[in-house]
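Step one of this worksheet: look at the structure below.
Every number here is computed from the coordinates shown, using simple stated rules; none is lab data. Please read these numbers as outputs of a predicted model, since none were measured by experiment. Quick reminder, even Gly has a Cβ in these numbers, built from the backbone with ideal geometry, and neighbours come from all protein chains shown.
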Amino acid sequence: MNSPQILIIEDDPDNARSVADAAEDAGFTTTVAACGTDGVEAFRQQVPDLVLCDLVLPDIDGLEVLGRLSKLDAAVPVIIMTAYGSVESGVNAMRMGAYDYVTKPLELDDIQSKMRRACETSRLRRQVDKLSRSVREKYTSSAIIAESAGMKAVIAQVEALADTAATVLICGESGTGKELVARALHVDSKRADGPFIAVNCGAFAESLLESELFGHEKGAFTGAASTHKGAFERADGGTLFLDEIGDAPATVQVKLLRALEEKEVRRVGGRETLKVNVRLVSATNKDLDAMVREGTFREDLLYRLNVVTLRVPPLRERKDDIRHMADRFIARATAENNKQVTAVRPDFYTALESYEWPGNVRQLRNVIESAVLLSPGGVLSAASVALPGNRPNPAVAADTASGTPIINDNMTLVEIERAVLVDRLRRNDGNRTATAEQLGLSRRTIQRKIKEHNLPY
């Protein structure tokens, strides 16, 4: 393991040597610069893990150095060294972004302790930065597959809207990837360092949705044992994504409208109003205009939600994207399930591209995962594509005499999968963990397959 690097900017040779010795005793590798400009240049040549900088230097002062280093890499902690009695200067340096300060004459044990803490801070900051970059790379608009004209238009709109404060309504059929578009609007914006909070309005009962969005005070209702921050509060400084907004009940719609207009919320059972700085992005697979005409959705709320409307096209209108999506889902399925795909035949893609995909991208992902799991020898072909409407035989039943599934040459892959799953679950008395281990799958995959096949386990 490489030693952490420390840059010491100090014009007094004796003091520089003492600090360097203390740093090396603490396990650091040191570089010493005798003035501010030399220190900035050394930093530019090789970014260290930590900087110790004297406040008074012969050319530019330590605060100027601090400002220049922050522009180069703000994640590197800087400790300012200042003369005894100049505590105010050290505090001022911390206000300007310094990690800490030490006073001269230096207590070497104290400075070693601060070096170690600062170095750990540097390590954690870089880990956070790495994770943030990973999330952005995964969810940025450039990561969305867009070979079709329809999706290219969506990406162009996302790029144009990302850095605005506009409230966006994303429309599209279920499974088209509306949340992916919402995340791209967030990570490509100036709010990317803030939270992205997603709430599915169709997943909560009316009273619970109100609490989830706006929070509640302790004792506001039975079971409210503590104060709960709502999604608006948790999303402060970032983006709040409301999925299936068409499922929001009337009482919640009223509060949503107020929150959008006033930029403030009030917790359930609370009296205080709380200011929130949130960008709202919502999504629906319903015709909200029709709901307005029917009186089930507020017209004034719709006006506030659809300042800009994005329509995500269904997969049947994105045939040019299917092959690229298939390759991505194959890679993901092999990695998640520890499976190998040795070949993908051209007719596999042809079969995918010839289907209408009523379940859109979600259905495509599930069909490809099933193909990866069940294809013999890891070869994907048209025969691997199990789709509704291609089932010549009724659903498979287990052979009660032998206790093994009935499998014949006329069965589809979906039917074979169901038969094997039913057999293993029955043998394990419905134990999903044991079934997952025997089939070499994750428990999460088994749970999903049980739901897909509507099995009574």
If amide H atoms are modeled at 1.01 Å from N in the peptide plane, then the residues at a separation of 5 or more from ILE170, or on another chain, having amide H under 5 Å from its own are SER282, ALA283, THR284, LEU310
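Can you list which of the GluC sites (Glu not before Pro) found in the range 165-222 are DSSP loop residues with at most 10 other C-beta atoms within 10 Å? Walk me through the numbers on the way to the answer.
On the way: sites: GLU173, GLU179, GLU206, GLU210, GLU212, GLU217; in loops: GLU173, GLU217.
Listed in order of number, the matching sites amount to none.
Would you mind working out the magnitude of the charge dipole of the range 139-221 relative to its Cα centre, with +1 at each Lys and Arg C-beta and -1 at each Asp and Glu C-beta, to the nearest 20 Debye? Provide the component values of the computation, followed by the final result.
On the way: 6 positive and 11 negative charges, 30 e Å.
I would put it at about 140 debye.
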Net +/- balance of residues flanking THR284 in space, Cβ distance below 13 Å, scoring K and R +1, D and E -1:
-4
Counting only C-alpha contacts under 8 Å and six or more residues apart, can you give the relative contact order of the chain as a whole percent?
10
At R0 = 45 Å the Cβ-Cβ FRET efficiency linking GLN340 and ASP38, nearest 0.05, sits at 0.25
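State the percent of C-alpha pairs, over all pairs in the range 251-345, separated by a distance greater than 21 angstrom.
Numbers: 2626 of 4465 pairs.
Cα-Cα pairs in the range 251-345 separated by more than 21 Å: 59 percent.
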Of the beta bridges DSSP finds with both residues in the chain, what % are antiparallel, to the nearest 5?
15
Full-stretch length increase - SER70, LYS152 - with 0.36 nm per residue and alpha-carbon distance subtracted:
25.8 nm
Positive-end residue of GLY194, SER381, THR37, charge dipole of the chain with Cβ unit charges:
SER381
Taking 7 Å along the Cα-to-C-beta vector as the label spot, tell me the THR164-ALA434 distance in nanometres, rounded to one decimal.
5.9
Among the listed pairs LYS218/LYS263; LYS138/LYS190; LYS178/LYS319; LYS178/LYS449; LYS229/LYS263, which are separated by more than 20 Å between their Cα atoms?
LYS218/LYS263; LYS178/LYS449
Could you give the distance between the Cα centres of the range 31-74 and the range 201-251, to the whole Å?
48
Based on the mean of other beta carbon atoms within 10 Å per residue, what is the order of 276-285, 145-154, most packed first?
276-285, 145-154
Over all alpha-carbon pairs of the chain, lay out the pair-distance distribution in 10 Å bins, whole %, shortest bin first.
4, 15, 17, 17, 19, 15, 8, 3, 1, 0
Run the paramagnetic zone check for ASP300: 7 angstrom along Cα to Cβ, then residues of the range 243-275 with backbone nitrogen under 16 Å.
250-264
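With N residues in the range 6-154, what two-decimal value do you get for its Cα radius of gyration over 2.2 N^0.38 Å?
Expressed relative to 2.2 N^0.38 Å, the Cα Rg reads 1.31.
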A chain fully extended from LEU124 to ALA224 at 0.36 nm per residue, minus the present Cα-Cα distance, gains in nm 32.4 nm
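What ranking do HIS324, HIS216, HIS186, HIS453 get, fewest neighbouring Cβ atoms within 10 angstrom at the top? Write down the numbers at each step before the final one.
On the way: HIS324 13, HIS216 23, HIS186 26, HIS453 16.
In order of increasing Cβ crowding within 10 Å: HIS324, HIS453, HIS216, HIS186.
Dipole magnitude of the chain about its Cα centre, charges +1 at Lys/Arg Cβ and -1 at Asp/Glu Cβ only, in debye to the nearest 20? List each step's numbers first, then the result.
Details: 58 positive and 65 negative charges, 374 e Å.
Value, rounded to 20: 1800 debye.
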Across the range 306-312, in residue order, what do the Karplus-derived ³J(HN,Hα) couplings come to in whole Hz, using 6.51 cos²θ - 1.76 cosθ + 1.60 with θ = phi - 60° and x for Gly and Pro?
9, 4, 9, 10, 10, 10, 8
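Are there any chymotrypsin sites (Phe, Trp or Tyr not before Pro) in the range 196-246 that are in a DSSP loop and have at most 15 other Cβ atoms within 10 Å? List them by number. Intermediate values should be presented prior to the final figure.
On the way: sites: PHE196, PHE204, PHE214, PHE221, PHE232, PHE241; in loops: PHE204, PHE221.
For chymotrypsin sites (Phe, Trp or Tyr not before Pro) across the range 196-246 that sit outside H, G, I, E and B with at most 15 neighbouring Cβ atoms in 10 Å, the list reads PHE221.
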Computed helical MRE - 222 nm, the chain, DSSP H runs ≥ 4 contributing -39500 (n - 2.57), nearest 500
-14500 deg cm²/dmol
24 Å tail of the calculated P(r), the range 195-292, as % of Cα pairs
17
